[in-house]
Amino acid sequence: MPKRTQLIKPRIREILSRKLPPELVNLLPKHWVQLGDILILPLREELLPYKKEIAEAYAKVLGVKTVLRKGKIGGEFRETNYEIIYGNDPVTIHKENGILYKFDASKVMFSPANVKERVRMASIANPNELVVDMFAGIGHLSLPIAKHCRARVIAIEKSPYTFQFLVENIELNKVQDRMTAYNIDNREFKGENIADRILMGYVVKTHEFIPKALEIAKNEAIIHYHNTVPEKLMPREPFATFQKMANEQGYETELLESRILKRYAPGVWHVVLDIKVFKK
């Protein structure tokens, strides 16, 4: 598991006790994420004047090449824009469940909290399926399908920068024979009635892409629909919205499974629904 949650290591405390005022030592981060040889460290405002010293101590004790200060994720491409506070190379290769993920951790999001969903994808499909990943990123969800399920995958990623890593990851994992990548907006994709399974691994605005997903889907295709939903609207949402929009497009729907992946914001959850769609 990439997430590390524990007490401050005695060696880190020992090193920084000589460099920080005593009242700040107890504010040192007890929670961090390590992805490959990159450490993502949350720092309180009070610690920022000492961020270089703190990052160096964590890096040396934990054995990483680069430390990033955790910040806010935002924008169309869910970019991290994390600050480099130790080292100078934010590109790493993170291994998880037999998959190699290469990416720039300072700009490209990789959520440890989604590990169970990535692992689930490794056994979700059959070799004879065609899977379309509408929001492929670096291949978070579709690489496990191509590698472990040996299904055919079309991976669509709009961001040119993220797309570079998607292409590299297809080669790193030796799935070029069954995984094809497109650097386009998925709404420009020309395939119709082709997919046995569709991945919609996006949040907040995923519902806007439901008509395109249905266009790509075969009859009785399964759509893995991710979105964010306020807790007060659960469990009715987000399936009610999907069902309504699908019905308007001439499709019936069957909810096969609903999963909560993680907290997205206070009172808001990131969920994934497995939905089978039927043409009327």
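The values are calculated or read from the model by the stated rules, or taken from the named source; none is laboratory data. Keep in mind the model is a prediction, meaning the values are calculated, not measured. All Cβ positions, even for glycine, are placed from backbone atoms using ideal geometry, and neighbour counts span all protein chains on display. Just the protein is used for accessible areas: all its heavy atoms, side chains included, with ligands, DNA and RNA removed. Shrake-Rupley method; radii C 1.70, N 1.55, O 1.52, S 1.80 Å.
Any idea which of ASN128, ILE84, HIS140 is furthest toward the positive side of the dipole for the chain, if Lys and Arg beta-carbons carry +1 and Asp and Glu beta-carbons -1?
Of the options given, the answer is ILE84.
For the pairs LYS95/LYS280; LYS205/LYS279; LYS52/LYS174, flag any whose C-alpha to C-alpha distance is greater than 32 Å.
Over 32 Å apart, Cα to Cα: LYS95/LYS280; LYS52/LYS174.
Between segment 19-49 and segment 125-188, what is the separation of their alpha carbon centroids in Å?
Answer, in whole Å: 35.
Leaving out same-chain residues fewer than 8 places away, which aspartates and glutamates sit with a Cα under 15 Å from that of LYS9?
By straight Cα distance, LYS9 reaches GLU56.
So for the chain, Kirkwood radius off the Cα pairs, Stokes-Einstein at 37 °C and 0.692 mPa s: how many µm² s⁻¹?
163
Go ahead and run the numbers for FRET between LEU255 and GLU171, Cβ-Cβ distance against an R0 of 35 Å, rounding to 0.05. Working shown, then result.
Numbers: r = 37 Å, r/R0 = 1.05.
Calculated value: 0.40.
How large is the direction-averaged shadow of the alpha-carbon convex hull of segment 4-57, in nm²?
Projected over every direction and averaged, the Cα hull of segment 4-57 covers 3.6 nm².
Once Rh for segment 120-171 is found with the Kirkwood sum over Cα pairs, what is the Stokes-Einstein diffusion coefficient at 4 °C and 1.567 mPa s, in µm²/s?
In µm²/s, the coefficient rounds to 120.
Testing the spin-label approximation: label points 7 Å from Cα along Cα→Cβ at GLU248 and LYS72. State their distance in nm.
3.0
With a 1.4 Å probe and all protein chains in place, put ASP37, ASP104 in order of accessible area, largest first.
Listed by decreasing accessible area, they come as ASP37, ASP104.
At 1.4 Å probe size, with every protein chain present, just tell me what the per residue accessible area of the chain comes to in Å². The partial results should precede the final answer.
Details: 13370 Å² over 280 residues.
Accessible area per residue: 48 Å².
Any of LYS30/LYS102; LYS212/LYS244; LYS158/LYS218; LYS116/LYS232 with alpha carbons more than 18 Å apart? Name them for me.
Exceeds cut-off: LYS30/LYS102; LYS158/LYS218; LYS116/LYS232.
Given a Förster radius of 41 Å and the C-beta distance between ASN183 and GLU45 as r, what FRET efficiency does 1/(1 + (r/R0)^6) yield to the nearest 0.05?
0.60
Once amide H atoms are built 1.01 Å from N in the peptide plane, which residues 5 or more positions from LEU68, or in another chain, come under 5 Å H to H?
Residues meeting the criterion, in which the H sits 1.01 Å from N, are LEU39, ILE40, LEU41, ILE85.
Select from segment 146-244 those GluC sites (Glu not before Pro) which occupy a DSSP coil region and have at most 12 other Cβ atoms within 10 Å, ordered by residue number.
Filter output for segment 146-244: GLU192.
Taking all protein chains as present, what is the carbon and sulfur share of the accessible area of the chain, in % to the nearest whole number, probe 1.4 Å? Don't skip to the answer; put the middle values down first.
On the way: 6750 of 13370 Å².
For the chain, the apolar C and S fraction of the accessible surface comes to 50 percent.
When the helices in the chain are scored as -39500 (n - 2.57) per DSSP H run of 4 or longer and the sum is shared across all residues, what 222 nm value do you end up with, to the nearest 500 deg cm²/dmol?
It comes out at -6000 deg cm²/dmol, rounded to the nearest 500.
Once the piece of chain linking GLU231 and PHE278 is laid out straight, how much longer is it, given 0.36 nm per residue of separation minus the C-alpha distance between them?
14.1 nm
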